[in-house]
């Protein structure tokens, strides 16, 4: 089984990991949920490894469905400890290039 790396994904996508790191630090997030669409899920552990090196946060990976920004996991408010930040990744930019 292939082990995916950040360099593999960065060839095709800009995940804006520096922005995520800055947000985690600014918000002092301790527990962060990362949500990936199916096409990016193979890279999830590489992303967690990178973010863990750069922050003091702990990470959860949502392996349920993710079909876009409106597909937010339900029931998160019941989790203990509470999730401080949810980061959704996608394949496409939200803003079109004209």
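The values are calculated or read from the model by the stated rules, or taken from the named source; none is laboratory data. Every value quoted in this text rests on a predicted model; they were computed, and no experiment measured them. Using ideal geometry, Cβ is built from the backbone for each residue, glycine included, and neighbour counts are taken over all protein chains shown.
Observations on the model:
- Considering 43, 13, the condition of being over 20 Å from residue 82 (Cα atoms) and free of Cβ contacts under 8 Å to residues at least 60 places away in the same chain is satisfied by 43 alone.
- Residue check for residue 20: crowded, with 16+ Cβ neighbours inside 10 Å, modelled with pLDDT of 95 or more and either on the phi < 0 side of the Ramachandran plot or outside any strand (DSSP E or B) (or both): yes
- Scanning the range 23-40 for residues that are at pLDDT 95 or above, surrounded by fewer than 17 Cβ atoms within 10 Å (Cβ to Cβ) and closer than 16 Å to residue 86 by Cβ yields 23, 26, 27, 28, 30, 31.
- Criterion (surrounded by 17 or more Cβ atoms within 10 Å (Cβ to Cβ), at pLDDT below 95 and not in a strand (DSSP E or B)) met by exactly one of 67, 43: 43
- Boolean, residue 13 is exposed (fewer than 12 other Cβ atoms within 10 Å of the Cβ), part of a loop (DSSP other than H, G, I, E, B) and either out of contact with any strand residue (DSSP E or B) (no Cβ under 7 Å at 6 or more places or on another chain) or modelled with pLDDT under 85 (or both): no
- For the range 79-89, the candidate set comprises residues that are within 18 Å of residue 36 (Cβ to Cβ) and touching a helix residue (DSSP H, G or I) at 6+ places or on another chain (Cβ under 8 Å); within that set, the residue that is modelled with the lowest pLDDT is 89.
- Among residues of the range 1-10, those that are in a loop (DSSP other than H, G, I, E, B) and either surrounded by fewer than 16 Cβ atoms within 10 Å (Cβ to Cβ) or within 14 Å of the chain's Cα centre (by Cα) (or both), counted: 4
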